[in-house]
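As C-alpha cells, the structure follows; a few thoughts come after it.
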Amino acid sequence: MKLSLLSKNLLGINGLGRIGKLLLWNQIHLRYFDGIVINCGREIGKDLDDLIQVIETDSTYGSLHKFLFGMVGKKAEIRVLDAEKPILEIEGIPIKILRNARDPKDVNWLNEGVKIVVDCTGSFLDPAQATEGGKPCLRGHLDSGALKVICSAPFKLKGTTQMPEDAKTMIFGINHLEFDPARHHIISAASCTTTGLSHMIKPLMENELTSRIVTASMSTIHATTNTQSILDSVPKAAAADLRKSRSVLNNIILSTTGVTKALEQVMPGIKHIGFMADSVRIPINTVSLINLNVTFYTQLDDLGEPRINRKLINDVYQKAAQGAQKDLLIYSERQNVSADLIGTMAAITIEAHETHTRTGFISFPPEVLALQGLNTDKHLEMPVTHAKIFGWYDNELGSYVNCLSKLINYVAENSL
C-alpha cells in the first residue's frame, strides 16, 4: 500500500529528532496535509511498538495525547495500517515511515508522492552544495523528486559566499510573503532565536520613533540543546571553544550565536545598525529568554521629556500583538517565569513588566561640529534613549516549530 494513493497533499519530514517529532505533532494538530511521510533513515528500536513510543512521548512536553487534547483530554488514536511498510494512522492522518536511505537523493520522494520536504536532521545546511560532489546534501531532496525543501536550521555556506538564487531564508510573519514559487526551491526557516528576535525587532522598525536605532545588542539566555555535552568530554582536535565540551547539567555556559547574520537575511533594514549578539546556555530543557538592548535617537517633547519611553515601547508591542503580529507576538504584563511559557504558541512573548528606558545626552563640542562644517562656539546636546526589553520564547515547540509549520503550510499553499 502506497501512502501516495491514500492522499494527494503529502508532507515529507527527513529526521525524527527533536524538531522532526514536534513538527509531526504540530502537523497532526493542524491537519493541513492529508498524510505525512517520515524518513528516519534507519531502524528505530526493536519493533514498530518502539517507534510508536518514540513518536507519542516527550520528556519536555509530555505525551502526544496531552499536546492534542490537554491533561484531561482523550487519548490520541494510533492505528497500524501496514506493519511491513510501515504505515500508521494517528487521529485519521496516515503516517508512512521510511527506514532505508540516509542520503536525501536516495529517499525517492517522487515515488512516495511527496512534493514538500522539511529536512530536520541538522546535517545538511549548505544550499549551494550539489549532489554531484558525492556527499549527501539538501539538493538531494530535489533530485529525489521533491519540489521544495525547507531546512529547519540556518544555512551554512561552505567554500562559497554566494547564496544560490533559488535559496532564501524566511521567517513566517517577517518575510514569508517574499516567497516566489517559481524561484525559491530551498528555504531555511532560520533558528529559534532568530525567529523570536525578528518578531521583537519588527514592531520597533515599523514605528517612526523607535525605528531610529543607533545600536543594539542581544543576549539569549538559552535552554539546552542536543549539541551540548551531558557530562564533561574531551574537546575535538583544533576545537576553538572548550566550553562546548563541558557538562550542560552543571554549568552556565557562555556561547556564540549566528543570529545577527540570519537576522540581516530576513530583515535587510537591520544591516546599518551595529548589532551584537551572544548566547548563555543554562541547564533547563526549554523556554529561552531574549534580553534586547536598543539605543535610539530620540526627541524631546514640549515639556522637555523624551518621546521614547517605557510606555511608548510597551504601546508599540501591545499594538503589534493586536494587529499585524497577532498570534505571533504576545504582549504580557504578568510577572512570568520560564515554566509559564512552556508550550506557548507564539514566536515571542514580551515581558512588558520589565521594559525599562533611560535617556541621556551625547555632547558634541565645537571642534567636533567644525569637522562637519558647523561653525559654532556652543556644545550640541543630542538626546538618546536606551531601552532594555525582554522576550520569552519556547525555543522548540511553541515558538520555532509553530512558526516553521506556518511557513511550511504557506509554501505548500502557494506551490501546489
Considering residues of the range 101-127 that are aliphatic (A, V, I, L, M) and surrounded by 20 or more Cβ atoms within 10 Å (Cβ to Cβ) only, the residue farthest from the chain's Cα centre (by Cα)
Val107
Does at least one position in the range 300-311 carry a residue that is touching an Asp or Glu at 6+ places or on another chain (Cβ under 8 Å) and either of a type in the set (Val, Ile, Thr) or not in a loop (DSSP other than H, G, I, E, B) (or both)?
no
Among the residues that make up the range 132-143, is at least one of them touching a residue at least 12 places away in the same chain (Cβ under 8 Å), among the hydrophobic types (A, V, I, L, M, F, W, C) and assigned to a helix (DSSP H, G or I)?
yes
Which condition breaks for Ala128 when tested against (1) in a loop (DSSP other than H, G, I, E, B); (2) within 21 Å of Leu397 (Cα to Cα); (3) free of Cβ contacts under 8 Å to residues at least 40 places away in the same chain?
(2)
Among strands (runs of 3 or more DSSP E) completely within the range 335-416, the ones holding 2 or more residues that are loosely packed, with under 15 Cβ neighbours inside 10 Å and either without any contact (Cβ under 8 Å) to a residue 24 or more places away in the chain or outside the structural domain of Ser279 (by TED's automatic domain parsing) (or both) are 356-364
Looking only at the range 369-403, and only at residues there that are out of contact with any Gly (no Cβ under 9 Å at 6 or more places or on another chain) and polar (S, T, N, Q), the one that is nearest to Asp327 (Cα to Cα):
Asn402
Among what's in the range 381-415 and is among the aliphatic types (A, V, I, L, M) and touching a Leu at 6+ places or on another chain (Cβ under 6 Å), pick the residue that is nearest to Ala223 (Cα to Cα).
Leu397
Criterion (within 22 Å of the chain's Cα centre (by Cα), within 22 Å of Thr359 (Cβ to Cβ) and in the same structural domain as Ala346 (by TED's automatic domain parsing)) met by exactly one of Val287, Val294:
Val294
Looking only at the range 311-331, which residues are without any contact (Cβ under 8 Å) to a residue 60 or more places away in the chain, buried (at least 20 other Cβ atoms within 10 Å of the Cβ) and within 23 Å of Ala223 (Cβ to Cβ)?
Ile330, Tyr331
Looking only at the range 74-88, decide whether some residue is closer than 19 Å to Ile13 by Cα, without any contact (Cβ under 8 Å) to a residue 24 or more places away in the chain and loosely packed, with under 15 Cβ neighbours inside 10 Å.
no
Across the range 317-334, what is the number of residues that are over 12 Å from His199 (Cα atoms) and part of a helix (DSSP H, G or I)?
3
As an exercise: evaluate Thr298 against (1) surrounded by fewer than 20 Cβ atoms within 10 Å (Cβ to Cβ); (2) modelled with pLDDT under 95 and give the number of the one condition it does not meet.
(1)
Asp278, sole failed condition from (1) part of a strand (DSSP E or B); (2) in contact with a Pro (Cβ under 9 Å, 6 or more places away or on another chain):
(2)
For Thr298, indicate whether it is touching a residue at least 12 places away in the same chain (Cβ under 8 Å), more than 20 Å from Leu404 (Cβ to Cβ) and hydroxyl-bearing (Ser, Thr, Tyr).
yes
Tell me yes or no: at least one residue of the range 259-268 is free of Cβ contacts under 8 Å to residues at least 60 places away in the same chain and assigned to a loop (DSSP other than H, G, I, E, B).
no
Where residues in the range 179-214 are among the small types (Gly, Ala, Ser) and touching a residue at least 60 places away in the same chain (Cβ under 8 Å), which of them is nearest to Leu263 (Cα to Cα)?
Ser198
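The values are calculated or read from the model by the stated rules, or taken from the named source; none is laboratory data. Everything numeric in this text was worked out from a predicted model, so none of it was measured. Here the Cβ is made from the backbone with ideal geometry for all residues, glycine too, and neighbour counts use every protein chain on show.
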